[in-house]
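Q: One structure, pasted below without further comment.
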Amino acid sequence: MLYKQLAEVYSELESTSKRLKKTYIIANFLKNVSEKDIEHITYLIQGLIFPLWEEKKIGFSTQLMKKAIASSTGSSLKEVEGLWKKTGDLGLVAEDLSRQRKQKTLFSKELTTKKVFDNLRTLATLEGIGTVNKKISLVSELLTSASPIEARYITRTVLEQLRIGVAEGTLRDSIVWCYFPKLEKISNKEYDKLKNGKKLKVNSLEEIKDYENYELIETEDEKNAREIYNFFIKKVQKAYDLCNDFSLVTKTLVEKGIKGLDGIKIKVHTPIQVMLPIRVENLEESFKDLGGKIQIEQKFDGFRVQIHKDGDNIRLFSRNLEETTLMFPEIMEAAKIQIKAKTAILDSEAIGFNPISEEFLPFQETTQRRRKYGIDEMSKKIPLKAFAFDILYKNGKSLIDLPQTERLKELEKVLGDGDVLFVEKGEQIDDPKKLQELLDESIAEGLEGLVVKRPDSKYEAGARNFNWVKLKRHSNGELKDTIDVVILGYIFGKGKRSDFGAGALLVGVYDKSSDEFVTVSKIGTGLTDVEFREIHRRADKIKVDKKPARVNSKLVPSVWIRPSIVIEVLADEITKSPNHTAGLALRFPRLIKFREADKKAEDATTLKELQEMYNQQYKK
């Protein structure tokens, strides 16, 4: 496929902020992608060259990109710099200078998506003497043959700043929209098998979606049609949650159809989406919702570590799929010795520990362990303890469909004694009064609270439901829980704060139903001078020249940034607000700590959770 066809799709996606329209655009495009191209094109639609969890990266800096643009367009570095300062987007710079290209080459030819993909993947493999020049040459080769619009998106892809506003949920729905109508030929009998014997009457699926209005049509058997459609959404989501690779999902669909997704299984060294607890306020209600007999575990204020073992080959991953193996050498070494299985995947929480006082450290200190340099020194200063609370895989077999109590028994068999890795056994109780006692004890020990689980629950990758709930500490006179918000932009400071660059932050929460971030507050208190400067430093690395496509805001900050920095805040109360697109606002919010190290933006507090907190805050 020609790259210009993909570039035109990028341009369409960039021109709209409507999620359903984006879904339609991608679905229509995917229909025309051949089997041999579908895998790499699915990566490119996401602005990726490798799966999110892959350690290999393009590794092409802004400075190198400027040189590649100058080289390919016959422009001076000074010209490139000047345009960049005006636009703040090297993609637009490459596009503009390609139009005024001062030199042509006889060897330029139309670019294919495969050529672009292969050149960019090669960037990640280069090392040794002359690497910089080879990298510039590979990118310049593409830009030399590129049309202006192609140059824009090649540049952005190289810099991992595609800016088209396509998130996981949008791509998932696009995949289903693309392939779902083709499934009308599947017989009732085959549907029965897919639904484990539950009969589904199938009418016509051909016209199940109105692409003009981007919504489902009311069919003769609307309930049945929606049930089937939602079934496929769940099938695609489950497959993705197990492999975190939409390219594998689309390739499997094209080659083997919807039933082929059942062949996507857990694999060692491929991180899966973690299961997450939801927050609740009322102990008695949570006890009742979970069925009366519950599993209680400590909630550590650290960061998630998914431990993968294949013989002596250990890899560690964070909850947002980043590989952290080299950051935590003590966990890696302990896993080799303590895990008594050839292959295994464990879910755990790591927390800093003071061996002298035998106390757990607060999150602000624990998070210092997430670093690329000075690892050995910091591991001595802040040693980690990791508490394994689940096992997902053992010796070639997935365990996620076992009940929670059975998985815990397997975990205890697999994990031997040691000084770094421990089994968080918890305990089962059937008395709500005991639940309050355990919560008080946990907080007294300096922990964050409790995680309460349904003993018969499966491990549902990527799920957040009432099978797991969390109970946390609270401060009297304030909201009973902190809120994780995403920084969407900052407002220039006045007076003393003008020196910091950022005087207040515009923050929001995640609205899962619309797959966008809605504003909830401006924060100007609770930050030290050092923290204001630090936010300015971090934000300037991800600032953008216009409101991001997935941000819904009536307010306009001085500078927009990509939604990626998560902070934890505490407020006096939640109030209704016509000014914020959440419809709610935080009263007197103040920063507690940064959470971006262990949470991606979509893992922040959701709008639905905020609405529930608003409804609960005045209940006695």
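Q: Whether any residue in segment 307-320 is of a type in the set (Phe, Trp, Tyr), within 27 Å of VAL452 (Cβ to Cβ) and at pLDDT 90 or above is what I want to check.
A: Yes.
Q: Right, something else. So, of the residues in segment 421-445 that are hydrophobic (A, V, I, L, M, F, W, C) and over 30 Å from ILE314 (Cβ atoms), which turns out to be surrounded by the fewest Cβ atoms within 10 Å (Cβ to Cβ)?
A: ALA444
Q: Right, another one. Taking into account only those residues within segment 530-580 that are in a loop (DSSP other than H, G, I, E, B) and either in contact with a Cys (Cβ under 8 Å, 6 or more places away or on another chain) or hydrophobic (A, V, I, L, M, F, W, C) (or both), which is surrounded by the fewest Cβ atoms within 10 Å (Cβ to Cβ)?
A: Only one residue fits best here, namely VAL556.
Q: Since GLN368 meets every condition but one in (1) over 26 Å from the mean Cα position of the chain (by Cα); (2) within 22 Å of ARG595 (Cβ to Cβ); (3) part of a helix (DSSP H, G or I), which condition does it not meet?
A: (1)
Q: Let me ask something else about it. For segment 341-358, indicate whether the set of residues that are of a type in the set (A, V, I, L, M), touching a residue at least 60 places away in the same chain (Cβ under 8 Å), under 27 Å from CYS243 (Cα atoms) and surrounded by fewer than 23 Cβ atoms within 10 Å (Cβ to Cβ) is non-empty.
A: Taking every residue of segment 341-358 in turn, at least one turns out to be of a type in the set (A, V, I, L, M), touching a residue at least 60 places away in the same chain (Cβ under 8 Å), under 27 Å from CYS243 (Cα atoms) and surrounded by fewer than 23 Cβ atoms within 10 Å (Cβ to Cβ).
Q: May I pose another question? Please give the number of the condition LEU6 fails out of (1) closer than 19 Å to LEU111 by Cα; (2) not in a helix (DSSP H, G or I).
A: (2)
Residues checked against (1) in the same structural domain as THR325 (by TED's automatic domain parsing); (2) closer than 28 Å to LEU248 by Cα; (3) surrounded by 19 or more Cβ atoms within 10 Å (Cβ to Cβ):
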site	(1), (2), (3)
GLU12	no, yes, no
ASN28	no, yes, no
THR42	no, yes, yes
LYS86	no, no, no
LEU97	no, no, yes
LEU111	no, yes, yes
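Q: Restricting attention to segment 123-163, report how many residues are polar (S, T, N, Q), closer than 27 Å to LYS251 by Cα and either free of Cβ contacts under 8 Å to residues at least 40 places away in the same chain or assigned to a helix (DSSP H, G or I) (or both).
A: Result for segment 123-163: 2.
Q: Could you list, in sequence order, the residues of segment 430-449 that are outside any helix (DSSP H, G or I) and either outside the structural domain of LYS288 (by TED's automatic domain parsing) or modelled with pLDDT of 80 or more (or both)?
A: Within segment 430-449, ASP430, ASP431, GLY449 qualify.
Q: Looking only at residues that are of a type in the set (Val, Ile, Thr) and assigned to a helix (DSSP H, G or I) in segment 397-420, which one is surrounded by the fewest Cβ atoms within 10 Å (Cβ to Cβ)?
A: Among them, the one singled out is THR405.
Q: A follow-up question, please. Could you please give the count of residues in segment 26-54 that are out of contact with any Ser or Thr (no Cβ under 8 Å at 6 or more places or on another chain), part of a helix (DSSP H, G or I) and closer than 15 Å to GLU168 by Cα?
A: Residues meeting the conditions: 1.
Q: To continue, here is another question. Being closer than 24 Å to VAL9 by Cα, of a type in the set (Ser, Thr, Tyr) and not assigned by TED's automatic domain parsing to the domain that holds ILE542, is that true of even one residue in segment 117-124?
A: No, because not a single residue in segment 117-124 is closer than 24 Å to VAL9 by Cα, of a type in the set (Ser, Thr, Tyr) and not assigned by TED's automatic domain parsing to the domain that holds ILE542.
Q: Consider SER379 against the criteria (1) part of a loop (DSSP other than H, G, I, E, B); (2) more than 30 Å from GLY263 (Cβ to Cβ): it satisfies all of them except one. Which criterion is unmet?
A: (1)
Q: Only one of these conditions is not met by LEU20: (1) of a type outside the set (Ser, Thr, Tyr); (2) surrounded by fewer than 20 Cβ atoms within 10 Å (Cβ to Cβ); (3) in contact with a helix residue (DSSP H, G or I) (Cβ under 9 Å, 6 or more places away or on another chain); (4) in a loop (DSSP other than H, G, I, E, B). Which number is it?
A: Here LEU20 clears every test but (4).
Q: Quick check, is GLY526 at positive phi and either modelled with pLDDT under 65 or outside any strand (DSSP E or B) (or both)?
A: When the stated conditions are applied, GLY526 passes them.
Q: Within segment 164-177, how many residues turn out to be over 16 Å from the mean Cα position of the chain (by Cα) and either over 16 Å from GLU14 (Cβ atoms) or assigned to a loop (DSSP other than H, G, I, E, B) (or both)?
A: 5
Q: Of the residues ILE307, ILE278, ILE337, which is surrounded by fewer than 20 Cβ atoms within 10 Å (Cβ to Cβ), in contact (Cβ under 8 Å) with a residue 40 or more places away in the chain and in a strand (DSSP E or B)?
A: One residue alone meets the criteria, ILE278.
The values are calculated or read from the model by the stated rules, or taken from the named source; none is laboratory data. All figures in this text were calculated on a predicted structure; none of them were measured in a lab. Note that we place each Cβ from the backbone using ideal geometry, even for glycine, and neighbour counts take in every protein chain shown.
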